[in-house]
Every structure is written in structure tokens, then in C-alpha cells.
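What follows is one structure encoded as C-alpha cells, with my remarks underneath.
The values are calculated or read from the model by the stated rules, or taken from the named source; none is laboratory data. Predicted model, so just to flag it, every value in this text is computed and none were measured. Reconstructed Cβ throughout: ideal geometry from the backbone, glycine too, with neighbour counts over all protein chains shown.
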Amino acid sequence: MKKPKVILRNCPDYEIDKLAGLISEGIADLGCQIKGKVFIKPNVVTANRRYIHHSYTQPAVVEAMVTVLRRHALESICIGESGGYGIPSRMFLKESGYYEMARKLGVRLIDLNEHALVDVALAKGVCHKKIALSREIHTADFKIWMPKLKYHIFASITQTLKLNIGILAHKERMLFHDHRIHEKIVDLLEPGYPDLIVSDAVDITYGFESAPYPVRLGALLISDHPLAADVVAAHIMGYQPQDVKHLAIAAQRGYGSLNLEDIDLTGDISLTELQARPKGKPHLFQVLRELETPIEFYAGYAPDTQVICDGGCEGALKGALGTIEKRSPGALHKARKGAIVTGIYHGDVIMPDGPVLLVGDCTRVEGRLTAKKVHHIKGCPLGARDLFIKMPLLFSMPSPMLDKRDAFLFISNSIQKAANMTLNRFLLRR
């Protein structure tokens, strides 16, 4: 059988004409037959004009893609995303500059949560047996996934497969978003299998992926095979693919090989060169005990397992801490001494002079628990909003929830989202 191809191209900056040239050459090299209705899925999980500038696929890369697509006789082009849970995706699309880009190009841009969904059965699903999928994705003739290459706090890397979390509407996003998250990611490859992948690796990022720190890698990854693209990305980021849980599961389910020898790797820059380029601090916020803070962390198991609930409460905790630190550098170092526990912890937690915070419904300490006071935030899944309110108060950290600008953006975009959902439902009934 023909090997899947992954193309590595040197791309030192976000100059649109350069990007468009590399993308056009990649499409020709892969022999892609682009036709009909095209759907583009970037990564716009979060954005904030003041302090989150690198969590998303840069609009320049998507603009370059649209420029190339306009050379083909297509029925339509639609760009869509379902961003971070619980916050209107249109807010992130505005803050990242995507609406400005869409108006400039005259292309349709949508928050997937606001538009029609269709129930799609999954033949291979382990957790998800069906999902409510955007009609725009379901009816597309050609799907283009444009991930931002990043380190991830529990999935090791964000790349093609991880990007599929964003095809879910918010009402289903947090289903199985616990210790089963890695199976969930692979479930979504069935309805979210792209025809083309163009990854923004000009700037990669480390730290909490939704509020990260950038490093200039200077590359594009282009492929038509999602697992092969992610295997190469894993090597670039310093991982063995079999150690990235969702990649190992995808291989087990028959989506392809984890071996580089089974991939046709081409381009004008080598894997070795990209591996040698700086990557920042790969484990920042991946391992809580490595953070420079007086807060101590205790990670327990999910109920009835010997598995850390990395995609549940521990992941929510990492994300909240990462956001607080990105918005207010030094906040963790200056925090009040105390302890935070997630899951069922089989050991002692001794903190006589500070608070102990239990995070999540199932969280408990099965050994000795000594604290100045014990607090418990309930939830499964746990809402980041609850963490942003309670945790900063306990540990003397600034809360993003008290930011007047962000609160206004959340409220105004929520109103606009509700109005659009009502209008779209009315139009569908006509």
C-alpha cells in the first residue's frame, strides 16, 4: 500500500503570500482533489486581545488557505469552530481577529454552537456512540483541519486528532471528558476525518494550551493522513508516538501506524532539524508538582480505577492555574500556602497551617487529612468558572472572573449567541 505522506516546509514567519505558496505546493504534491462545499476547522479554543495571543491558529494561515482555495471552482467555503467550553465561541473568534479576516475575504465564519446540528451515529465509537455534528461539517465535500501545534497539559500535544474536540457543540463537549478523554478523542476521528491537514507550526506553544507561551519553530506540516501527521508532530515535540495516549489508541483502532518507517516524510526541512529547535518548557503545567508555588498538589484516581482523572478535575485545575498565571505573571509564586486534591487520593494530606481544597464530586483523601480548613468544590465535570471564583480567594490569587472587560465580553457575546440560535431555529422551520 502507498505510504501516507507528511510534508515539512520551512516557514519562518506569517507572511501570507509565502504561506499560500507553501500550501498550494503541498496540495499539488498530495494530489488533493478539492471540490464542492469546503469546511475549514482551525483551532480557536481561546483568545484574549490583552493576554492570550498564541493559543489559536493564526488567521494569516487560514487566510492563505482561503486564497489558495479561491483558485479552485468551489461551491462554498465555510470556516467554523466550537471554542472553549461554556464561553461563546464568537467571543474568541472576535478576539483572535477571525471576524476581521472573514469580512476582508468575504467568507462565511460560524460558531458551530449557533447553527443546525444533525445526529450522527459512530460505528467505531467506544465512549460516543453518536454525536450532534454541525450540518456544515456533515454535508461538506472536502474538510480541511488547520491545527495549532502545541504542548497539551494532559494530551501531550494538540494536533489533528485533538483538534476534533472542537467539532462538538458545547452541550456534548464535556461528555467523557475525564479519565476517558483519550478514547473520546479517537472516537471523534470517525466523524472528523479531514481530507487535508495544514498545521500552524510557525509558532508552537508550551504551558496551558489555552493561555500558552510561544516559541518560533518556523514550519508548516501538510498531510492528508491525520494519524501520520500527528506521529510526525509527536516526534517534533520530543515524544515517542506510543507514549501519546490518543495516538496509541488510534493505531490500535486501525487508523494507521505509529512508525516513521511507514510514513513518506518529505519537504525542505528535516525532522531532525525541527527536533533540534527550541521548544520552551515542554512540561509546564503538565506536571503540577513542578510548578514554583507554595501550593501542594495531590492527584488521586478516578472512581473504581487506578487511573488519574487527567482529563477531568486535574485538567480543569491545570487550566485554571495556567490562565491565572498567564494573566497575572508571578501569581502562583506569591500564592498562599495550602493544598489542592483531585480524585480519590490514597495517602495523607497534612496542611495544618493552610487550606485544603478538594476539587470534584468524587474527590476525597483516604489517609489522614489535616488542614486549617477543608473546602470542597463539587462538579463532574467541573466548571472552570467555579475554580476561578473559589480557588483565588483561598490562595490569594487574582481571579480572571473579576476582570470587567472580560465579563462584559462574556455577557454581550452570550446575548448575541442566544439571539442567533433563536433566529437560526426560526429560519430552519420556514
Checklist entry - What number of residues within region 230-247 satisfy the criterion of being under 26 Å from Tyr85 (Cα atoms) and either in a helix (DSSP H, G or I) or modelled with pLDDT under 95 (or both)? => result 6
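The rows are residues; the columns are (1) β-branched (Val, Ile, Thr); (2) surrounded by 21 or more Cβ atoms within 10 Å (Cβ to Cβ); (3) out of contact with any strand residue (DSSP E or B) (no Cβ under 7 Å at 6 or more places or on another chain); (4) assigned to a strand (DSSP E or B).
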residue	(1), (2), (3), (4)
Asp119	no, no, no, yes
Ala123	no, no, yes, no
Leu133	no, yes, no, yes
Ile144	yes, yes, no, yes
Leu149	no, yes, no, yes
Ile157	yes, yes, no, yes
Checklist entry - Can we say Pro214 is surrounded by 24 or more Cβ atoms within 10 Å (Cβ to Cβ), assigned by TED's automatic domain parsing to the domain that holds Tyr85 and not hydrophobic (A, V, I, L, M, F, W, C)? => result no
Item to check | Breaking point among (1) in contact with a helix residue (DSSP H, G or I) (Cβ under 7 Å, 6 or more places away or on another chain); (2) hydrophobic (A, V, I, L, M, F, W, C); (3) assigned to a strand (DSSP E or B), for Val356 | outcome: (1)
Item to check | Subset tally (residues that are touching a residue at least 40 places away in the same chain (Cβ under 8 Å), assigned to a loop (DSSP other than H, G, I, E, B) and under 20 Å from Ser396 (Cβ atoms)) for region 291-346 | outcome: 12
Next on the checklist: Given the criteria over 17 Å from Lys130 (Cα atoms), hydrophobic (A, V, I, L, M, F, W, C) and touching a Leu at 6+ places or on another chain (Cβ under 7 Å), does Ile185 qualify?
Outcome noted: no
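A quick yes/no check of all residues on (1) closer than 26 Å to Asp29 by Cβ; (2) surrounded by fewer than 18 Cβ atoms within 10 Å (Cβ to Cβ); (3) in contact with a helix residue (DSSP H, G or I) (Cβ under 7 Å, 6 or more places away or on another chain); (4) not assigned by TED's automatic domain parsing to the domain that holds Ser156:
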| residue | (1), (2), (3), (4) |
| --- | --- |
| Asp200 | yes, no, yes, no |
| Leu221 | yes, no, yes, no |
| Asp224 | yes, no, yes, no |
| Leu227 | yes, no, yes, no |
| Val231 | yes, no, yes, no |
| Gly256 | yes, no, yes, no |
| Gly267 | yes, no, no, no |
| Ser270 | yes, yes, no, no |
Item to check | Filtered residue count, region 284-324, keeping only those that are of a type outside the set (A, V, I, L, M), out of contact with any strand residue (DSSP E or B) (no Cβ under 8 Å at 6 or more places or on another chain) and more than 21 Å from Arg364 (Cβ to Cβ) | outcome: 7
Next on the checklist: Among the residues in region 378-387, are any over 28 Å from the mean Cα position of the chain (by Cα), surrounded by 15 or more Cβ atoms within 10 Å (Cβ to Cβ) and in the same structural domain as Gly319 (by TED's automatic domain parsing)?
Outcome noted: no
Checklist entry - In region 258-277, which residues are free of Cβ contacts under 8 Å to residues at least 40 places away in the same chain and within 23 Å of the chain's Cα centre (by Cα)? => result Leu258
Next on the checklist: Report every pair of residues separated by at least 6 positions or lying on different chains whose Cβ atoms are under 8 Å apart, first residue within region 125-146 and farther than 15 Å from Val186 by Cβ, second assigned to a loop (DSSP other than H, G, I, E, B) and charged (D, E, K, R).
Outcome noted: Asp141/Lys35; Asp141/Glu75; Phe142/Lys35; Phe142/Asp195; Lys143/Asp195; Ile144/Asp195
Checklist entry - Here are some residues: Ala28, Ala20. Which one is crowded, with 19+ Cβ neighbours inside 10 Å, assigned to a helix (DSSP H, G or I) and at pLDDT 95 or above? => result Ala20
Checklist entry - Taking region 176-227 only, how many residues are aromatic (Phe, Trp, Tyr) and part of a loop (DSSP other than H, G, I, E, B)? => result 3
Next on the checklist: Can you confirm whether Gly300 is small (Gly, Ala, Ser) and either assigned by TED's automatic domain parsing to the domain that holds Tyr345 or loosely packed, with under 15 Cβ neighbours inside 10 Å (or both)?
Outcome noted: yes
Checklist entry - Can you name the condition, by its number, that Met1 falls short on among (1) assigned to a loop (DSSP other than H, G, I, E, B); (2) modelled with pLDDT of 95 or more; (3) more than 24 Å from the chain's Cα centre (by Cα); (4) not hydroxyl-bearing (Ser, Thr, Tyr)? => result (2)
Item to check | Among the residues listed as Glu81, Glu100, the single one being crowded, with 24+ Cβ neighbours inside 10 Å and of a type outside the set (A, V, I, L, M, F, W, C) | outcome: Glu81
Checklist outcome for this item: With the first residue restricted to region 405-430 and required to be surrounded by fewer than 13 Cβ atoms within 10 Å (Cβ to Cβ), and the second required to be at pLDDT 80 or above, Cβ contacts under 7 Å at 6 or more apart or on different chains are Leu428/Ala116
Checklist entry - Within region 62-79, is even one residue free of Cβ contacts under 8 Å to residues at least 24 places away in the same chain, in the same structural domain as Pro194 (by TED's automatic domain parsing) and part of a helix (DSSP H, G or I)? => result no
Checklist entry - Quick one: is Gly36 buried (at least 23 other Cβ atoms within 10 Å of the Cβ) and more than 22 Å from the chain's Cα centre (by Cα)? => result no
